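Computed from the coordinates by the stated procedures, all read-outs in this text should not be read as laboratory data. Please read all numbers here as calculations on a predicted model, not as lab measurements. Neighbour counts run over all protein chains shown; Cβ positions are idealised from the backbone, glycine included.
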There are 2 protein chains.
Amino acid sequence: MGLAKTEMFTDEQNKIALFAKVFGHPARVSILQHLFKINACVCGDLVNEIGLAQPTISQHLKELKHLGLIKGSVEGTSVCYCIDTDNWAKMKRVMLQFLDQDVSKTECC
Amino acid sequence: MGLAKTEMFTDEQNKIALFAKVFGHPARVSILQHLFKINACVCGDLVNEIGLAQPTISQHLKELKHLGLIKGSVEGTSVCYCIDTDNWAKMKRVMLQFLDQDVSKTECC
DNA sequence: TTTATTCATTGCAATATTACGATTAAGTAT
DNA sequence: ATACTTAATCGTAATATTGCAATGAATAAA
């Protein structure tokens, strides 16, 4: 099918999965790391930075923007992207809660 | 294509993407949360707990096992699953480093 | 006004993912 | 041995993802 049966899961589970999914491609990881590293708007050079074709990068940026993790503002002919810090923080809280579940000492298997 | 060009990214970026990808489906999120919640080996009842068919659950478990996040041990006719705490901790370190990148005050866009 | 430049969108091919019925494998019980 | 239980695997259909060439839209430069 290729189609997740989201209706049988909680909103939280679906949200975690959506965030994780967008991190599930190295190009998007790389884009985000670059945006963090230069800590400013990046106008265009993402295509040079990462080795993928321009439409491919554009598509990855669209997905990141769709989830609200980055913002883009038009600046003449180019577009400036940067991390949406508020939404990043919100996402982080959700993911941390999932990752920080801790197993008590009880070893079983 | 549907095929990520992993060779143009760092090992770290690929590793983050691999972990994130496995969390990118609510069924696997749900399985992991359940394993954490009951904090013991789960023998079988995941199929009842989650509403998917047995082969589907088995396939998701396989992916989680393949990444080392869970272990399964045969117990008679059934199989007991639980979190692999060591590997979970390792994964957590990698993901936290990615999520905790912090944007300094510089607001741009 | 033409010509670049920059980025989004469209369309498409290749591959991956998700889900499940049917089957198999392996252990248990009768 | 036979029947039952549990879980993995196989095969397959439906859908999603990835990547890029071609094209389009919008601004800037000549």
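Here segment A:1-66 and segment B:15-70 have alpha carbon centers that stand 23 Å from each other. Looking at segment A:1-74, none of the chymotrypsin sites (Phe, Trp or Tyr not before Pro) sits in a DSSP loop with at most 10 other Cβ atoms within 10 Å of its own Cβ.
Using Cβ counts within 10 Å as a stand-in for footprinting exposure, how do A:ARG93, B:ARG28 rank, fewest first?
Details: A:ARG93 11, B:ARG28 25.
Least to most surrounded, the residues fall as A:ARG93, B:ARG28.
Under Stokes-Einstein, with the Kirkwood radius over Cα pairs as Rh, the value for segment B:10-96 at 37 °C and 0.692 mPa s is 245 µm²/s.
Inter-chain Cβ neighbour count for A:80-89, averaged per residue, equals 3 (cutoff 10 Å, partner chain atoms only). Averaged over the residues of peptide B:11-24, the number of Cβ atoms from other protein chains lying within 10 Å of each residue's Cβ is 6. Cβ crowding within 10 Å ranks A:VAL22, B:VAL29, B:VAL74 as B:VAL74, A:VAL22, B:VAL29, fewest other Cβ atoms first. Amide H contacts under 5 Å for B:CYS80: B:SER73, B:VAL74, B:GLU75, restricted to partners 5 or more places along the chain or on a different chain, H placed in the peptide plane at 1.01 Å from N. For chain A, with a Gaussian network of springs between Cα atoms less than 10 Å apart, report the residue from A:ALA53, A:ALA89, A:ALA40 with the top mean-square fluctuation. In this elastic network of chain A, the residue with the biggest mean-square fluctuation among A:ALA53, A:ALA89, A:ALA40 is A:ALA53. With springs connecting C-alpha atoms under 10 Å apart, model chain A as a Gaussian network and identify which of A:LEU96, A:LEU69, A:LEU32 has the largest mean-square fluctuation. Most flexible of the set in this elastic network: A:LEU96. Using θ = phi - 60° in the Karplus curve 6.51 cos²θ - 1.76 cosθ + 1.60, the 3J(HN,Hα) couplings for segment B:82-99 round to 7, 5, 8, 4, 4, 5, 4, 4, 4, 4, 4, 4, 4, 5, 5, 4, 6, 6 Hz; x is entered for Gly and Pro. Restricting the calculation to Cα atoms, segment A:42-83 shows an Rg/Rh of 0.94 when the hydrodynamic-style radius is the Kirkwood one. Database remark: amide H of A:ILE70 closer than 5 angstrom to the amide H of A:LYS65, A:ASP84 (H placed geometrically; neighbours at sequence offset of 5 or more, or on other chains; Pro and chain starts carry no H).
Taking the convex hull of the alpha carbon positions in the protein assembly as shown and averaging its projected area over all directions gives 13.2 nm².
When the helices of chain B are scored as -39500 (n - 2.57) per DSSP H run of n ≥ 4 and the total is divided over every residue, the value at 222 nm lands at -16000 deg cm²/dmol.
For the residues A:HIS25, A:HIS60, A:HIS34, a GNM of chain A with alpha-carbon springs under 10 Å puts the largest fluctuation on A:HIS25. Taking each of A:LYS65/B:LYS65; A:LYS21/A:LYS71; A:LYS90/B:LYS71; B:LYS37/B:LYS92; A:LYS5/B:LYS62 in turn, the alpha-carbon distance tops 23 angstrom for A:LYS65/B:LYS65; A:LYS90/B:LYS71.
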